[in-house]
Structures are given as C-alpha cells and as structure tokens.
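Input: a single structure, listed below in structure tokens.
The values are calculated or read from the model by the stated rules, or taken from the named source; none is laboratory data. Because the structure is a prediction, the values reported are computed rather than measured. Here the Cβ positions follow ideal geometry from the backbone for every residue, glycine too, while neighbour counts run over all protein chains shown. Surface areas here come from the heavy atoms of the whole protein model, side chains and all, with no ligands, DNA or RNA. Shrake-Rupley method; radii C 1.70, N 1.55, O 1.52, S 1.80 Å.
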Amino acid sequence: MLLLAIQARASEVVDTRRSPHTKLQSIPLADVAWTEGFWAERFATLRERSIPAMWELMRDGEYKPFLGHFKIAAGDAEGAYHGAPWNDGDFYKFLEAVTTVYAVTRDPQLAAILDESIPVIAKAQRDDGYLHTPVLIAHRNGDESLQPFADRHNFEMYNMGHLLTAACLHHRVTGDDRFLEVARRTADFLCRTFAAPTPELARNSVCPSHYMGAIELYRTTGDKRYMTLAQTFLGMRNLGVSESGQPIGGDDNQDRIPFVEQREAAGHAVRANYLYAGAADLYLETGDEKLLKPLNAIWHNVVEQKLYITGGCGALYDGASPDGSEQQEQLTRVHQAYGRNYQLPNATAHNETCAAIGNVLWNWRMFLATGEVKYIDVIELSLYNAILAGTSLDGDDFFYVNPLRNVEPQPTPLRWSRTRVPFVTSFCCPPNVLRTLAEIGGMAYSRTESELWVNLYGGNRIETELGGQPFAMSQQTDYPWGGRIDFSIEECREEPLALKLRIPAWCEGAMVRLDGEELSEKAVAGEYFTIERAWTRGDRVTLTLPMSPRLIEAHPQVEETRNQLAVQRGPIVYCLESPDLPAGVRVHEIVIDADVPLNAKHDDQLLGGVTVVETTATVRSGGDWKGRLYRPSVRDDASRSVQLRLIPYYAWANRGASEMSVWLPRH
C-alpha cells in the first residue's frame, strides 16, 4: 500500500521512476502547464470543445451507446450491443484524456465525468474480473454463443489494455482506488486465463495495448505478477508457429514469425506500433537485449523506408504480406498496413491517425531508454502533421485516414471520408487524438537527478523537482511559427544542474545565448545542447532555431514522388490546397522550380493563425485525358506563372471539401 500511496502523488503518463533500464524519467503531467502559443491554444480547444463534445456523444449515445453499453452490462438499462467490438477501449481512451486534462486543471466538470463513468464500469465487471461489454451484454440477454476469447477479432485484449492504462493514470492523478481496483481484477482474470496459453488462445493479441497496460499496472502497484503477465503476452506470440515450423498466424497481426526474429515493420500499422511500444516498455523493465535488437532494426526500417514525410505510417488500405516472397504459403491478407519498402502512395495513402499515435507511443519509450534525439524528432514530426491533421481546428470533427493528396475524382473508390466528421463507425482515432494532445505536456520535458531535458518547445511553465529539490522555469516562444525560445529560471537549487536543449535534426545554425551573451559551443543538429552550471533565479537562456522554408525530395525508390518536391519549414510540412488557387486552376496543374524562392509569412486571420509559405509556380494545363491511359508528350505553350500560397498540412480541409497535395511536380 505504501507504493500505491507514493504513486498517487505522481502523474506521469509512463511512470518509469523505478524502471531499471531507463536513461530518463518522465515529468508529472501536473508539473507542466501550457501558457501561450500553439500548444496552449490546442489544449484550450481540447478542454473547452473537444472533451465536452465527445462526452456528449459517448454519454448520450447519439451514434453508439459507449457509456450505455456499460449500463446495459451492469443491468442498469436494457438493450443489445450496438457498435464496434473495440468501443469499450474507445471509452477508456476518452477517460484517459479527461484524467490527463484534470491532472493539469483540476476542473470539477472533468471530475464529474470520471465520477459518473467509473462506478458504471465497475458495476458492469463480472465477479471473476472479466470485462468486455459485447460478451457481457449477450450473456445478460440470454445469448451464450459469445464466449470470452473465442474470436481474436473481438478485441477483448485491446479493450482491457486501454482499461489498465487509463485506470493506472487515474489512480496516479487522483489517488482514488476505484478504477484501479477494476483494473486489478481484470488483470487477475488475465493472469489466470493465460497461465498456460494454447496456440489458439495465444492469438488473442490483436492491437496489443495490453502489453503497455500490464506493465503500467506493474509500475503502479509493484505486483510482479503483472510484469510476468506482460512477459507471457509477448512470449506467447511464439506459439503462432506450429511444431513443423509453419506459421499459424500472419503478418497482419505480426505473428507470422516470433517477434525477436522480426526486422521489418509489416502488417496492420496500429497493431504493429502498439506491439513495438509494448516491447519497448518491457525492455525498460527487463533490459532484455533480445527485445532491443528487433526494435532497433524495425525502427530504422520504418524511418528510413516506410514513414511518410508527415510522420504518417501504414500506407496500404489492403494488400498481402510477405509481398513478393518466395514463401507463398505464408502469404496472408493485410489491411491498413505497412507495405513494401518505399511503397508510399499519396492519394491512396491510408495513414490511420491511430498508427501515428502508436508510433509516438513507441518512440517515447525508445527515447526514455536511450535519450537519443532522433526519437523526439519523430514524435515532433508526427504530432505537428500526421496527428494534428486527424482533428479539425474546432476540435470536434475527425479524420480516420490521412492521405497526402486528394483529387476529384478519386483514382479508385476508397472507404473513409475525405472531410472530417464528428463520428466514424471505427471510432478509435478521435479519443486517441484527444488523449495524445492532452499528454504532450508530459513529453515536453524529461529529467534525471541533475538534468532537465527540453524535448518539445512551446509557451509553458514547468514547476517540478530535480534531485529532490524544487525547480521552476518559464518558456516563451511562438514556435513552431518562430524559432526563438526564451527560458527564464524562476526557482532552482544551489548545486549545478544541466539544462539540455534539443536541436532538431532539421535545424542548421542554431544559436544559444545565456543572459544575452552568445555561447561559444556549437549547437549541433540532431543533438542536445548542454548548459551545466549553478543557476540563479532570473537567469535567462535564449535558443534560436533558424527555420527557413526548404524544398524536400524523397528517396528515388519512392516511385510515387519521383521528380516531385514538398515544402517543410521547421517541424511543419506544407501542402497546396485548392481554395488557395486562382479560379479554374486545379491542384494537379501546378509545377514548381527546384530553385524557386520560398517566403514565410504569418497570417493571423487564416485557419486560426498560421505561417504560410508563398512562392511562384507554373500552371500547366492538364489537357484532355478522356479515354486515354497514355498519349504523346506535348509542349504546353499556354503555361503561365501563378502566385502560390501553401498552408500547413494539418490545417487542410478546414474550409470545406477541397483538393490538396503535399508533393508537387518539379518543373
């Protein structure tokens, strides 16, 4: 109980304070408050608009009865299950978002949401700890045909994993045991059920949030059974191979071959990234090098051969894997999946928002293990582009998929909307976006006993402890629109400590000043710049990150972007959207020069206030392609110049239905 009492005073999203194989510790959520600028504005939208709108949707059941399912399972209402099998997990993610914002604000309206929801969840739980409303409702209605873990695609483990994670955070933020007790009973049920898993039972690992959940429950309670449970979950993936060596599973769920033998990202991208995050979590506790080898290899495969310029991942709507392999007997269907190396289509890109979020979860754990800048660079790229694009500027409409090009007509009919909507039948992404945006403050800094690492920039104030002594610092900046970041020390200890500032890999020529004097040490891109000294109240540090717009080209093996260019400024990737074109000009008619000047200009009145990139481009008429797949190349004597305005990719489709492209043909 002492450990639980200590935990209740903490609010780290990933609590690695006692994890033996971490280089860095997370900062409690309550220690960081956004005060101005980009992330403060989004946090306000989250608190004032997104959470109330989603609570109304989930409580009232306008589309699906999220909270209502728990009431039916508890016997407090009547009805049948009406929704996707993972809707329980969607509700748990929403409660995690509410808990996170409550950690910072102590808003009583948020506490009321939690107090209304948690008792219903607890009442719905079966006496033996099992909690999955599709099965519980069927049994309450007399239908025994549904049984626990009979169908791996019933997402029981996924739902329970998000339950464990949300309950642990709720306990650490509030000190309340009610939700945590639900999680412990659930985990105890899983310990009994998977004590000796069969190959059939072992395949219940679809979208494995339960790896992270079990480890977080171990960290929260100190009960080693939950660590053993996480090890069992990962180890039982090996049961997907028969005695003759033939796979029982497939790449869509990453269980065709044992995890420790995997070297490439394959299959459903959300499931893959959750697996990698869970394995990284297990490494933080065990230091098992057999886990680190595949994690490192797969990370390089993703970042160097399968990641979109926006941080999106999971290129394919549908496909087969291992694609092109001579081992055709192992070929299985994959969906919403990683494709072949360099297979990165634009108009047909899937890029589920949850996949980018899973990538952030994975990279954060890799960063805690190593302290390497490259993981934060991936996180920042994903947050500003692939994840923010998943929600509207108003905060209550959402994308499920995130293409890098949208044209009419589509090259082929595609599922999922190209305009944001308040509800999609697969509602996993919206609450996932909410909890991720809520938790960014928990990734902005990390620490050791004598170091404060500044990972993500934005106007905020941190008030925490370093080495058991109080430390407070403010950060002022208009990042990502401007590259100047000012830090002011407000409280500190007498002993020296190191302030470590991330220099992003995209930044050349960074400069650091201390109390107005430029420091002589070179700030190297892709490293942390360290200032170690005895600090005093009022000390000022200014970091300047040049962020001129840049033209970006892709690896020549990315066939879909051959001879095309994209624009990036700082962490923001830009796109061309049809509302910014002259009347009668289409997105596909625009070409740009490789040496064209790019000018950044801030527009407070556009899209909530953004920095746009202005340039000159050429309009080339597309001509008549009706009934043709090929035609002789013709010179376009009618081409003309046009002034172009590019907007941040995350902001597209906020002015109605539109055409859009990140990549533009090179003139």
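Here is how the numbers come out for the structure above:
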{"item": "Among the candidates ALA230, ALA195, ALA187, residue that is among the small types (Gly, Ala, Ser) and surrounded by fewer than 22 Cβ atoms within 10 Å (Cβ to Cβ)", "result": "ALA195"}
{"item": "In segment 277-317, the residues that are touching a residue at least 60 places away in the same chain (Cβ under 8 Å), over 24 Å from TYR649 (Cβ atoms) and part of a loop (DSSP other than H, G, I, E, B)", "result": "GLY287"}
{"item": "ASN351 being under 19 Å from LEU275 (Cα atoms), open to solvent by less than 10 Å² (accessible area, probe 1.4 Å) and in a loop (DSSP other than H, G, I, E, B)", "result": "yes"}
{"item": "Residue in segment 90-105 that is closer than 20 Å to ALA30 by Cα, at pLDDT 95 or above and surrounded by fewer than 18 Cβ atoms within 10 Å (Cβ to Cβ) present", "result": "yes"}
{"item": "Test: residue in segment 480-493 that is surrounded by 21 or more Cβ atoms within 10 Å (Cβ to Cβ) and among the charged types (D, E, K, R)", "result": "no"}
{"item": "Any hit, segment 289-312, residues being touching a Leu at 6+ places or on another chain (Cβ under 9 Å), more than 30 Å from GLU659 (Cβ to Cβ) and open to solvent by 20 Å² or more (accessible area, probe 1.4 Å)", "result": "no"}
{"item": "Selection from segment 318-345 of residues that are within 20 Å of the chain's Cα centre (by Cα) and touching a residue at least 40 places away in the same chain (Cβ under 8 Å)", "result": "HIS335, GLN336, ALA337, TYR338, LEU344"}
{"item": "Qualifying residue in segment 642-652 (condition: without any contact (Cβ under 8 Å) to a residue 40 or more places away in the chain and within 30 Å of ALA600 (Cβ to Cβ))", "result": "yes"}
{"item": "Residue within segment 167-178 that is assigned to a helix (DSSP H, G or I), at pLDDT below 95, of a type in the set (S, T, N, Q) and open to solvent by 10 Å² or more (accessible area, probe 1.4 Å) present", "result": "no"}
{"item": "From LEU292, LEU234, residue being at pLDDT 95 or above and within 19 Å of TRP362 (Cα to Cα)", "result": "LEU292"}
{"item": "Positions within segment 122-166 being among the small types (Gly, Ala, Ser) and either surrounded by fewer than 18 Cβ atoms within 10 Å (Cβ to Cβ) or farther than 30 Å from ALA103 by Cβ (or both), in sequence order", "result": "ALA122, ALA138, GLY142, SER145, ALA150"}
{"item": "Residue, nearest to SER474 (Cα to Cα), within segment 494-523, restricted to residues that are open to solvent by less than 40 Å² (accessible area, probe 1.4 Å) and charged (D, E, K, R)", "result": "LYS500"}
{"item": "Segment 213-225 residues that are open to solvent by less than 30 Å² (accessible area, probe 1.4 Å), paired with ones that are in a helix (DSSP H, G or I) and of a type in the set (Val, Ile, Thr) (beta carbon under 8 Å, 6 or more apart)", "result": "GLY213/THR165; GLU216/THR165"}
{"item": "Subset of segment 571-613 (residues that are out of contact with any strand residue (DSSP E or B) (no Cβ under 9 Å at 6 or more places or on another chain) and open to solvent by less than 10 Å² (accessible area, probe 1.4 Å))", "result": "PRO571"}
{"item": "First in segment 581-599 and closer than 17 Å to GLU614 by Cβ and in contact (Cβ under 8 Å) with a residue 40 or more places away in the chain, second anywhere and in a helix (DSSP H, G or I) and open to solvent by less than 20 Å² (accessible area, probe 1.4 Å), Cβ under 9 Å, 6 or more apart", "result": "LEU581/VAL587"}
{"item": "Hits in segment 258-276 (condition: closer than 15 Å to PHE233 by Cα and assigned to a loop (DSSP other than H, G, I, E, B))", "result": "PRO258"}
{"item": "Any chance LEU514 is more than 30 Å from ALA594 (Cα to Cα) and either among the β-branched types (Val, Ile, Thr) or free of Cβ contacts under 8 Å to residues at least 40 places away in the same chain (or both)", "result": "yes"}
{"item": "Matching helices (runs of 4 or more DSSP H) fully within segment 2-69 where at least 2 residues are open to solvent by less than 10 Å² (accessible area, probe 1.4 Å), modelled with pLDDT of 95 or more and in contact with a Cys (Cβ under 6 Å, 6 or more places away or on another chain)", "result": "none"}
{"item": "Qualifying residue in segment 404-413 (condition: hydrophobic (A, V, I, L, M, F, W, C), touching a residue at least 24 places away in the same chain (Cβ under 8 Å), farther than 26 Å from VAL613 by Cβ and touching a Phe, Trp or Tyr at 6+ places or on another chain (Cβ under 9 Å))", "result": "no"}
{"item": "Filtered residues of segment 475-504 (kept if assigned to a loop (DSSP other than H, G, I, E, B) and farther than 20 Å from ASN385 by Cβ)", "result": "CYS492, ARG493, GLU494, GLU495, PRO496"}
{"item": "Filter result for ASP115 (modelled with pLDDT of 95 or more, assigned to a loop (DSSP other than H, G, I, E, B) and open to solvent by 10 Å² or more (accessible area, probe 1.4 Å))", "result": "no"}
{"item": "Flag if GLY526 is surrounded by fewer than 16 Cβ atoms within 10 Å (Cβ to Cβ) and free of Cβ contacts under 8 Å to residues at least 40 places away in the same chain", "result": "no"}
{"item": "Close pairs (6 angstrom Cβ cut-off, 6 or more residues apart or separate chains): among the basic types (Lys, Arg) in segment 177-200, open to solvent by less than 40 Å² (accessible area, probe 1.4 Å) anywhere", "result": "ARG178/ILE118; ARG185/GLY129"}
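Okay, residues lined up against (1) at pLDDT 95 or above; (2) within 30 Å of GLU372 (Cβ to Cβ); (3) of a type in the set (Val, Ile, Thr):
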residue: ARG533; (1), (2), (3): yes, yes, no
residue: SER548; (1), (2), (3): yes, yes, no
residue: GLN557; (1), (2), (3): yes, yes, no
residue: ASN563; (1), (2), (3): yes, no, no
residue: PRO582; (1), (2), (3): no, no, no
